[in-house]
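Colleague: Got a structure for you, questions after.
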Amino acid sequence: CDSPTNYLAEPECLKWMATVPTVWDETVALGGRVGDYAAIARRKGGDWYLGAMTDWDARELEIDLARFLPEGSYSVEIFRDGINADRNARDYAREMKTVTVSAAAHTMTVHMAPGGGWTAKFTLIND
């Protein structure tokens, strides 16, 4: 929750938030500790969304993608803390990448600034 003016100032974030479902088909808890951090994956249809947040400690999480994603290649849209997020909460970075989940490779490192978070949408690429 924030002022609508703040959302309008960041159109790519507003577009992202408008596409995130509010009702889910499946939820997988990936890790957490009360008062410290949480990481959760949620599925709607064929797409998976991963969200993580931390307390006031910077944190790196190693996420086992195979806990929720079937083997395959995925297009991933990521919103993460920017380089100055520890001093400016509005600092974020958006990136697109491709990841492959297989028996040999299936982890992703998530870095979060103090008080920060990380989110991504995984969409299976049909070969």
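The values are calculated or read from the model by the stated rules, or taken from the named source; none is laboratory data. What you see is a predicted model; the values in this text were computed from it and never measured. Backbone-built Cβ (ideal geometry, glycine too); neighbour counts: all protein chains shown. Keep in mind that these areas ignore ligands, DNA and RNA; they rest on the heavy atoms of the full protein, side chains included. Shrake-Rupley method; radii C 1.70, N 1.55, O 1.52, S 1.80 Å.
Colleague: What about Ala18, is it among the hydrophobic types (A, V, I, L, M, F, W, C) and either surrounded by 11 or more Cβ atoms within 10 Å (Cβ to Cβ) or touching a Leu at 6+ places or on another chain (Cβ under 9 Å) (or both)?
Modeller: no
Colleague: Quick test for you: out of Arg59, Arg67, Arg42, pick the one residue that is within 22 Å of Ile125 (Cα to Cα) and touching a Phe, Trp or Tyr at 6+ places or on another chain (Cβ under 6 Å).
Modeller: Arg42
Colleague: Something else: Could you check how many residues of region 99-113 are in a strand (DSSP E or B), closer than 12 Å to Glu62 by Cα and either among the polar types (S, T, N, Q) or out of contact with any Ser or Thr (no Cβ under 7 Å at 6 or more places or on another chain) (or both)?
Modeller: Summing the residues that are in a strand (DSSP E or B), closer than 12 Å to Glu62 by Cα and either among the polar types (S, T, N, Q) or out of contact with any Ser or Thr (no Cβ under 7 Å at 6 or more places or on another chain) (or both) in region 99-113 gives 5.
Colleague: Restricting region 25-49 to residues that are of a type in the set (Asp, Glu) and open to solvent by 50 Å² or more (accessible area, probe 1.4 Å), which is farthest from Phe68 (Cα to Cα)? Can you show your working first?
Modeller: At the first step, the residues of region 25-49 found to be of a type in the set (Asp, Glu) are 25-26, 36, 47.
Filter once more, so that each one left must be open to solvent by 50 Å² or more (accessible area, probe 1.4 Å): 25-26.
Details: Asp25: 13, Glu26: 10 Å.
Checked region 25-49; the qualifying residue farthest from Phe68 (Cα to Cα) is Asp25.
Colleague: Then there is this: Quick one: Ser75 ticks every box in (1) out of contact with any Asp or Glu (no Cβ under 7 Å at 6 or more places or on another chain); (2) among the hydroxyl-bearing types (Ser, Thr, Tyr); (3) farther than 13 Å from Thr123 by Cα except a single one, so which number is it?
Modeller: (3)
Colleague: Oh, and also: Look through Ser3, Ser75 and report the one residue that is out of contact with any helix residue (DSSP H, G or I) (no Cβ under 7 Å at 6 or more places or on another chain), among the polar types (S, T, N, Q) and under 28 Å from Ala104 (Cβ atoms).
Modeller: Ser75
Colleague: Suppose we filter region 1-15 for residues that are surrounded by 13 or more Cβ atoms within 10 Å (Cβ to Cβ) and either over 19 Å from Phe122 (Cβ atoms) or among the hydroxyl-bearing types (Ser, Thr, Tyr) (or both); how many remain?
Modeller: Residues flagged as surrounded by 13 or more Cβ atoms within 10 Å (Cβ to Cβ) and either over 19 Å from Phe122 (Cβ atoms) or among the hydroxyl-bearing types (Ser, Thr, Tyr) (or both) within region 1-15 amount to 3.
Colleague: Identify, please: which residue in region 51-71 is within 13 Å of the chain's Cα centre (by Cα) and of a type in the set (Gly, Ala, Ser) and is, among those, surrounded by the fewest Cβ atoms within 10 Å (Cβ to Cβ)?
Modeller: Gly51
Colleague: So, one more: Determine if region 83-93 includes at least one residue that is part of a strand (DSSP E or B) and either open to solvent by 80 Å² or more (accessible area, probe 1.4 Å) or within 17 Å of Thr119 (Cα to Cα) (or both).
Modeller: Scanning region 83-93, I find at least one residue that is part of a strand (DSSP E or B) and either open to solvent by 80 Å² or more (accessible area, probe 1.4 Å) or within 17 Å of Thr119 (Cα to Cα) (or both), so the answer is yes.
Colleague: Another question, if that's okay. Got a number for residues in region 16-68 being within 28 Å of Ala103 (Cβ to Cβ) and of a type in the set (S, T, N, Q)? First the steps, then the outcome.
Modeller: Step one: filter region 16-68 for residues within 28 Å of Ala103 (Cβ to Cβ), giving 24-32, 37-52, 59-68.
Those still in the list that are of a type in the set (S, T, N, Q) too: 27.
Counting residues in region 16-68 that are within 28 Å of Ala103 (Cβ to Cβ) and of a type in the set (S, T, N, Q) gives 1.
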